[in-house]
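Heads up: the structure comes next, in structure tokens.
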Amino acid sequence: MAMLATQQLTEFLSAVADRPDGPAAQYAAVECAARALAADVAVLVIDGGVVASVGLPAEQVPLAGVTDVAAGRRDSLLLGGTTYAVTHAPVNGPAAGFLVLGRLGAAPFSDEEICLLRGMARVLELSLQALHVMAAERRQAQENDRLTGSLQERQRFFDHLTRVQRLIARRAPLQQVLDAITASAADLLGVEMAALNMIDAEDRTVGALVSGVGLAPDLSAQARRIPLLSGGVSGLAILGNELVSVEDYANWPLALSEVVGSGMRAIMAVPVHENGDVVGCLAVGTYAGPREWDKGAQDILHAFAEHVSLALTDAQTLEAMNQAFHDSLTGLASRSLFLTRLERAFAAAPAGGVGVLFVDLDRFKVVNDSLGHAAGDLLLQGVAERIGGCLRTGDTAARLGGDEFAVLLARAGSVDEAVPVARRILEALREPFDLAGKEVFISASVGIAHSDDKIGPQDLMVQADLAMYQAKKDGKDRCTVFAPELQEAFEAALRMESDLRRAIVRHEFELRYQPIVHLQTNEITGIEALVRWQHPERGTIPPLDFIPLAEETGMIVPLGEWVLREACRQAAAWNARRETPLTLSVNLSAVQLEQPTLPAVVASALNNSGLPPTSLVLELTESVLIDHRDQTLQRLEQIKELGVRLAIDDFGTGYSSLAYLRRFPIDIIKIDKSFVDDVGDHPNAAALTLGIIQLGQALQLSTVAEGIEDKVQLAELTGGNCEMGQGYLFAEPLTEQATAELLFNSTP
């Protein structure tokens, strides 16, 4: 069936693509779909009207009846006194509608046939979308002189887009289409460089250059694989999901030194989408000099990015044709077939009784990275076999992609019937796997959701997915049943994440500076830079509310780089006015330490600001050192070689150990506020704090007490020979202006 479906979809695609306009493509789609599925009647409805039909004149089509079919309210239709078994597929996009097929007799269409019809509807949708995009661009160009300043430029714009669309319609190789887009974007915008960067399908933290013109050879080589979080303008466009333009790149705070060194002077990037998800970005740049990216230039880049999206989605549809019904690796149902069966299960049990399990492997990436993709494929096949062995008659297992699986329990009267199935799967996957002679252990996280009469199939999928992620958060190797509060928490976190990604692009962050005081002399010897988020609607958001999310999403990397560069710049400016230079302390996240480019970023921040390396202190948490990898130590040693000092922040709250103090190149320990709070009130606490100070002295490490709030604490710490301190007794975190007033207009 799969071979036949592929052939039929390919014929359908060719028939629709060869039609030059919407009506012709619509009629070809209806005719070809009816022939492929042996249907006696086929009707295409767009925007509430019949636009094409086969087997029945358009004026005789019962619009209310076919609309009921598309809404899932009936699976048969009476036409001219004859009953037809019917099915449908939605056609989304700018002109939404549906395709309905009918066959004489009462035998229903099979799940596979419905999948085939949906594939055809998707192809039609793409073709109509391409025609719509072209028409919209023509209207925009005619109405907006800023897009193309002259008739000649307008014609050039259309020529480029038409050439790209012809390549897409004729199913030219994807690389040829993408190369044509980057070349056209550079030519039309009058720039020397254009590059298309895509997120790696197997590692979504990494981007790769897939097409480009005008890139220096060394930059082109580096761009073959670069972390998105340190990807400059392109990385921010992807992470923030919006256009990012830099008019003077050399003076941009997050400029990459190698890009500056190549002579790049101005860059603009816009995200590229596939089925609504960000999958990459299209960037253009010039070496000629700073450039203002006006509305016309932005519109042109958006137009080409949209054509990249069309090409990618079209290619994905072609690839999906070859796996229309079953996953080629595991033999389980494909996502398309799974969704079809889920919808049919809902139709058969409208008042409930459908359950879905989401199964995600917990350690699959470790196996893939350590043993290779061949071993990973063997593992996925083994997992599929074990999941299948845990199911009941009538249940469906599917591989959704990667290491994600799903199970449809079409006859689950309650969630209590779904939980035992999930537990059987967990138990089965705990047993070791033999991968070509190597014994491997894994586990899985399972989310469970059960339908009621208030939700639909897509809602149930979302609920199972949320429950699975909660199982991972709760420790993995377990199953979690969906609860409504998971949805509320997810939506709140999603809004916060969306705001956070845009906040970096829109410069909504500010720095505060808290003085560090020498306890014996009461002199301000340093400052710690602390970041604050000034949300345009919610006001100031405390760091505890957004820093963990920034670390979880990876946005802490561009945010941390901005903090470092801005703080170095400001500290250098203040030190230029002082006889005795201040030290600057900046917090470093564990996520930042995972970036291979960190030492280069630190060196660049120092070089660009003019701050001496000896004036910079980078603060690390104890957990970074406890959970370190060999690369962590190497990066810290590279940073130390620059002359930068390292401090342990919140010392004593983690797994305090002399071992890591000896092994890592630490210069300073910062005593956590929780120890300082009890100094003066609890003798045992005071003794412990003084012991930490003595430990620092024995190891020749400087000590800084955090959170000093009263004079009793100050006296105890000073008497115990603690070297430095910070806290509200001296000053709260201050704005740039308030810090300058404290440093130069008054004495502490």
message: As a test question: what accessible area, to the nearest 10 Å², does residue 390 have when a 1.4 Å probe is rolled over all protein chains in place?
response: 10 Å²
Residues residue 273 and residue 525, FRET efficiency given R0 of 51 Å [Cβ-Cβ distance, rounded to 0.05]: 0.50
statement: For residue 326, other-chain or 5+-apart residues with amide H closer than 5 Å (H placed, Pro excluded) are 334
message: Can you compute the modelled spin-label distance between residue 476 and residue 745, with each label point 7 Å from Cα toward Cβ, in nm?
response: 5.4 nm
message: Ranking request for peptides 97-105, 68-76: highest mean number of other beta-carbon atoms within 10 Å first, then the rest in descending order.
response: 97-105, 68-76
statement: Charge tally for neighbours of residue 434 with beta carbon under 15 Å away, counting Lys, Arg as +1 and Asp, Glu as -1, is -1
- prompt: Ordered by packing density, taken as the mean number of other Cβ atoms within 10 Å over each peptide's residues, highest first, how do 696-702, 392-398 rank?
  reply: 392-398, 696-702
statement: Distance in Å, no decimals, from the C-alpha centre of the range 250-294 to the one of the range 349-383 is 37 Å
query: In terms of modelled amide H atoms, which long-range or inter-chain residues lie less than 5 Å from the amide H of residue 76?
result: 86
- prompt: Using a 1.4 angstrom probe with every protein chain in place, what is the largest-first accessible-area order of 695, 593?
  reply: 695, 593
- prompt: Along the charge dipole of the range 331-372, which of 336, 347, 361 sits closest to the positive end, that is, farthest toward it, with unit charges on the beta carbon of Lys, Arg, Asp and Glu (+1, +1, -1, -1)?
  reply: 347
task: Specify the inter-centroid distance of the range 425-492 and the range 404-421, based on alpha-carbon positions, in whole Å.
output: 12 Å
query: In the neighborhood of residue 475, defined by Cβ-to-Cβ distances under 15 Å, what is the net charge if each Lys or Arg adds +1 and each Asp or Glu adds -1?
result: +2
- prompt: How far, in nm, would the chain grow between residue 64 and residue 411 when pulled straight, counting 0.36 nm per residue and subtracting the alpha carbon separation?
  reply: 121.8 nm
statement: Extension length gain for residue 294 and residue 532 (0.36 nm per residue less Cα distance), in nm, is 82.6 nm
Cα gyration tensor shape for the range 692-748, rounded if a/c is under 1.5, else prolate or oblate: prolate
message: Let me check I've understood the local charge: for residue 591, count other residues with C-beta under 9 angstrom from its C-beta, Lys and Arg +1, Asp and Glu -1. What total comes out?
response: -3
- prompt: Once label points are set 7 Å from the Cα along Cα→Cβ at both residue 78 and residue 370, what is their separation, rounded to one decimal in nm?
  reply: 6.7 nm
message: So for the range 426-513, averaging the separation of alpha carbon pairs under 8 Å that are six or more residues apart and normalising by length, what relative contact order in percent results?
response: 24 percent
- prompt: Based on the mean of other beta carbon atoms within 10 Å per residue, what is the order of 47-54, 527-534, most packed first?
  reply: 527-534, 47-54
- prompt: Given H placed on each backbone N at 1.01 Å, which residues far from residue 400 in sequence or on other chains put an amide H within less than 5 Å of it?
  reply: 405, 406
message: Give the separation of the Cα centroids, the range 110-129 to the range 565-635, in Å.
response: 54 Å
- line: residue 302 and residue 159 label points (each 7 Å along its Cα→Cβ direction) are spaced in nm at 2.6 nm
field: Stretchable slack from residue 443 to residue 347, in nm (0.36 nm times residue separation minus alpha-carbon distance)
entry: 31.2 nm
field: Close Lys-Lys pairs in the chain, where close means Cα under 20 Å and separation is 8 or more or interchain
entry: 7
- prompt: Per residue of the chain, what 222 nm ellipticity follows from adding -39500 (n - 2.57) for every DSSP H run with n ≥ 4, rounded to the nearest 500?
  reply: -15000 deg cm²/dmol
- prompt: Roughly how much of residue 423 is accessible, in Å² to the nearest 10, using a 1.4 Å probe?
  reply: 140 Å²
- prompt: Per 10 Å bin, what percent of the C-alpha pairs of the chain does each bin hold, from zero upward?
  reply: 2, 12, 18, 21, 20, 14, 8, 4, 2, 0, 0
field: Surface share of carbon and sulfur [accessible, 1.4 angstrom probe, percent] for the chain
entry: 50 percent
- request: Can you send over the solvent-accessible area of residue 184, 1.4 Å probe, protein chains only, in Å² to the nearest 10?
  value: 10 Å²
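The values are calculated or read from the model by the stated rules, or taken from the named source; none is laboratory data. Here the structure is a predicted model, which is why all the values come from computation and not from measurement. Note that we place each Cβ from the backbone using ideal geometry, even for glycine, and neighbour counts take in every protein chain shown. Just so you know, the surface numbers come from the protein's heavy atoms only, side chains and all, with ligands and any DNA or RNA stripped out. Shrake-Rupley method; radii C 1.70, N 1.55, O 1.52, S 1.80 Å.
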